[in-house]
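The structure appears below as structure tokens.
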Amino acid sequence: MIYDLIIIGGGPAGLSAAIYALRARLNIVLIEKTAVGGQISLTDNIENYPGFPSLSGIELMQKFEEHARGLGLNIIYDEIKEIADNGEYKTLRGANESYQAKTVIITVGASPKKLNIPGEREFTGRGVSYCATCDGPFFKDEDIAVVGGGDAALKEANYLTKIVKFITLIHRRKEFRAEKIIQERLHNAKNIAMELEHVAVSINGNKTVESIIIENVKTKEQKTVPVKGVFIFIGIKPQTSFLKNIEQDENGFIKTDPYTLMTSMPGVFCAGDSHSKKLLQVATAVGEGALASTSATEYICDIC
Ligand SMILES: Cc1cc2nc3c(=O)[nH]c(=O)nc-3n(C[C@H](O)[C@H](O)[C@H](O)COP(=O)(O)OP(=O)(O)OC[C@H]3O[C@@H](n4cnc5c(N)ncnc54)[C@H](O)[C@@H]3O)c2cc1C
């Protein structure tokens, strides 16, 4: 069977694209490698998605999924490994089987960047974490470190202040990049200390994490901070390494035409965090999903 459209990835961008395509009466399928919901399911609270002043990432994504399923969305669980251009249709090679479609929307999002310091890999799952909602409760009344200075780092640190005993927040710059409203909230917390202009050098322990060594970026002076957990939020990298035949920027984000979101492969579009742009948020992912879907619909009309 040749679908009108295959959407790769079931995060906010993919589900938004699906809603628009189903309302355009396209014959579509969404292929997801793990669980529908994407990265936002990792956060306990989202407060900047219009219409929903405060709810958990999981709750928001359940609403997206219900909406799309209500329109008849079919979801297949498989990991796409390659897209081949056969002209009028594309072949998607999955881990389980192959699929064919006239158009494709890539919404594969991103995964957390690593610090790449000694101890990080060894202690992942044994004190090192990239998800506060998933792992925060394991550190109830313990001392932990949070590494990062952007929106995600400060938002997740704020959540963790309500669970853990004390947080050392390590940030390599003098100032934070996070939204001012998130910064203000964190400054009111009593159980957090900022180690600005410091970087993490190594994570140490025996069976589990016992300490983190940090270094002043100017003086190079090092100190050991005893902690049971290290939460790392230093940005994301796109999950696009399997798409080498599609043009990407120097960081692996997929390049698109700004008007249609079509990639360098005709009939293949990209939306959300895997796409090269300034603001990586649910609101932008949703808008781009809608645009990519509309462009895919027009592309099908043009070729038929
Ligand atoms: C801790 C944290 C807190 C955040 N807080 C906020 C916030 O408060 N407000 C906000 O607006 N944004 C927030 N964000 C950002 C937001 O989550 C992302 O911008 C958004 O999820 C991007 O959506 P997406 O659909 O592009 O990608 P993703 O959400 O990354 O979804 C991509 C999906 O594609 C799947 N996938 C990947 N590769 C393949 C493949 N080869 N085959 C099949 N499926 C594949 C993945 O499993 C995933 O389900 C936060 C992010 C994090 C990590």
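Give me the dipole magnitude in Debye, nearest 20, for segment 189-230 about the Cα centre, with unit charges on the beta carbon: positive for Lys and Arg, negative for Asp and Glu.
Details: 6 positive and 5 negative charges, 27 e Å.
Roughly 120 debye, rounded to the nearest 20.
Restricting to lysines 8 or more places apart or on different chains, can you count the pairs in segment 35-185 with Cα atoms under 15 Å from each other?
Numbers: 81/90; 90/102; 140/162; 140/165; 155/180.
Step by step, the pairs that qualify in segment 35-185 add up to 5.
Among 102, 228, 165, whose mean-square fluctuation peaks in a Gaussian network model of the chain (Cα, cutoff 10 Å)?
Of 102, 228, 165, the Gaussian network model singles out 165 as fluctuating most.
Using amide H atoms built 1.01 Å from N in the peptide plane, name the residues 5+ places from residue 147, or on other chains, whose amide H lies under 5 Å from its own.
So residue 147 has HN proximity to 170, 231, 232, 233.
Rounded to the nearest 20 debye, what is the charge dipole size of segment 114-232 about its Cα centre when +1 sits on each Lys and Arg Cβ and -1 on each Asp and Glu Cβ?
Details: 19 positive and 16 negative charges, 19 e Å.
It works out to roughly 80 debye.
Can you sort 160, 71, 22 from fewest to most other Cβ atoms within 10 Å of each residue's own Cβ? Don't skip to the answer; put the middle values down first.
Details: 160 25, 71 14, 22 22.
Starting with the residue having the fewest Cβ neighbours, the order is 71, 22, 160.
Ranked by Cβ crowding within 10 angstrom, fewest neighbours first, how are 103, 240 ordered?
Ascending number of Cβ neighbours within 10 Å: 240, 103.
For every helix of n ≥ 4 consecutive DSSP H residues, a contribution of -39,500 (n - 2.57) applies; sum these over the chain, divide by its total residues, and give [θ] at 222 nm rounded to the nearest 500 deg cm²/dmol. Walk me through the intermediate numbers first.
On the way: 6 runs with 71 residues, N = 304.
Helix-only estimate at 222 nm: -7000 deg cm²/dmol.
Give me Rg/Rg_expected for segment 114-232, where Rg uses Cα atoms only and Rg_expected = 2.2 N^0.38 Å with N residues. Before the final figure, lay out the partial values.
On the way: Rg = 13.1 Å, N = 119, 2.2 N^0.38 = 13.5 Å.
Relative to the 2.2 N^0.38 Å estimate, segment 114-232 comes out at 0.97.
What is the ratio of the Cα radius of gyration of the chain to 2.2 N^0.38 Å, where N is its residue count, to two decimals? Walk me through the numbers before you get to the answer.
Working: Rg = 21.0 Å, N = 304, 2.2 N^0.38 = 19.3 Å.
Compactness ratio reported: 1.09.
Return a whole-number percent for the relative contact order of the chain, with Cα pairs under 8 Å and 6 or more residues apart as the contact set. Could you put the intermediate results ahead of the total?
Values: 704 pairs, mean separation 64.2, N = 304.
This gives 21 percent for the chain.
For residue 151, what is the net charge nearby, where nearby means another residue's Cβ is under 9 Å from its Cβ and Lys, Arg count +1, Asp, Glu -1? It would help to have the intermediate numbers written out before the result.
Numbers: positive: 155, 177; negative: 179.
Neighbourhood net charge equals +1.
Quick one: if you stick a label point 7 Å off each Cα along the C-beta vector at residue 237 and residue 82, how many nm between them?
My value for the distance between the label points is 2.3 nm.
What helices does the chain hold that run 27 Å or longer along their axis, going by alpha-carbon atoms, with a Kyte-Doolittle average of 0.5 or more, using DSSP H for the helix calls?
Working: long enough: 282-303 (31 Å, 0.75).
Helices meeting the criterion: 282-303.
For a quick check: sort 265, 194, 1, 61 by the number of other beta carbons within 10 angstrom, fewest at the front. Each step should come with its number before you reach the end.
Values: 265 19, 194 16, 1 7, 61 23.
Final ranking by Cβ density, sparse to dense: 1, 194, 265, 61.
The numbers here are math on the coordinates, done by the rules we state, and not lab data. Just so it is clear, the model here is predicted, and its values are computed rather than measured. Heads up, the Cβs are rebuilt from the backbone with ideal geometry, glycines too, and the neighbour counts pull from every protein chain shown.
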